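Asker: Please read through the structure below; I'll follow up with questions.
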Amino acid sequence: MNKDHKYMNAALKEAQKAYDKGEVPVGAVIVLNNKIIARAHNLKTSKKQATHHAEILAIQKASKRIGDWRLDECDMYVTLEPCPMCAGAIIQSRLKRLVFGALDPKGGSVVSCQRMFEVKGYNHYPEVTIGIKEKECSDILTDFFKNMRNQNKSNNKFGIMK
């Protein structure tokens, strides 16, 4: 198994933790010198904080672990294409490389809705690899939202989506 698959599997384990908590199942890990230094998953709903995305939490943990905000020797593996907030945090933390699994056609800011890493003028641009374990990363999200829709239908005697 190559290293991209190995670390994306670790991110998928984090996504499963989010799923089990009723959170949108996105997981992230940050790697330095072939060692995971931070793991995180979405906690936006349970913590009632819009900024508690997996990527932001992983960046915070990695920065604390190495004692610096600059993560310029680190790679991030995340199961879903980052949103604008997370893409901005990746730029700001100077991550060397971003690897993600599934595209996010409704909010992705690397290739789907906008291309933040191609905007001229930023002082940092990470290397990007997309589509690692794409099916698995996509499937966990599809399953989560399908289950949410089914729960909403069963909780509504008229079968109307909320």
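Asker: How long is region 3-162 along each principal axis, judged by its Cα atoms, biggest number first, in Å?
Answerer: 53, 31, 29
Asker: Considering only protein heavy atoms and a 1.4 Å probe, what is the carbon-and-sulfur percentage of the accessible area of region 18-88? Provide the component values of the computation, followed by the final result.
Answerer: Working: 1680 of 3310 Å².
In region 18-88, the share of accessible area belonging to carbon and sulfur is 51 percent.
Asker: Can you tell me the accessible area per residue over the chain, all protein chains present, probe 1.4 angstrom, in square angstrom? Display every interim value, and only then the final one.
Answerer: Working: 8990 Å² over 162 residues.
Roughly 55 Å² per residue, with all protein chains present.
Asker: Hey, another quick one. Here is the link list: 96/135; 13/35; 6/44. Which ones come out longer than 22 Å on Cα distance? Could you put the intermediate results ahead of the total?
Answerer: On the way: 96/135 25 Å; 13/35 16 Å; 6/44 26 Å.
Violating the 22 Å limit, Cα to Cα: 96/135; 6/44.
Asker: Rounded to the nearest 5, what % of DSSP beta bridges with both residues in the chain are antiparallel?
Answerer: Details: 11 of 20 bridges.
Of those bridges, close to 55 percent are antiparallel.
Asker: Sticking with this structure for a sec: Determine, at each q value in 0.12, 0.26 (inverse angstroms), the log₁₀ of I(q)/I(0) that the Debye formula gives when each Cα of region 1-85 is one equal point scatterer.
Answerer: Log-scaled intensity ratios, in q order: -0.31, -1.27.
Asker: Give, as a single signed number, the net charge of other residues whose beta carbon lies under 10 Å from the beta carbon of residue 17, with Lys and Arg counted +1 and Asp and Glu -1.
Answerer: 0
Asker: Let me ask something else. Residue by residue through region 121-126, what is 3J(HN,Hα) from phi via Karplus (6.51 cos²θ - 1.76 cosθ + 1.60, θ = phi - 60°)? Round to whole Hz and write x for glycine and proline.
Answerer: x, 5, 9, 8, 9, x
The values are calculated or read from the model by the stated rules, or taken from the named source; none is laboratory data. In this text the structure is predicted, and so the values were computed from the model without any measurement. Cβ sites come from the backbone with ideal geometry, for glycine too, and all protein chains shown count toward neighbours. Keep in mind that these areas ignore ligands, DNA and RNA; they rest on the heavy atoms of the full protein, side chains included. Shrake-Rupley method; radii C 1.70, N 1.55, O 1.52, S 1.80 Å.
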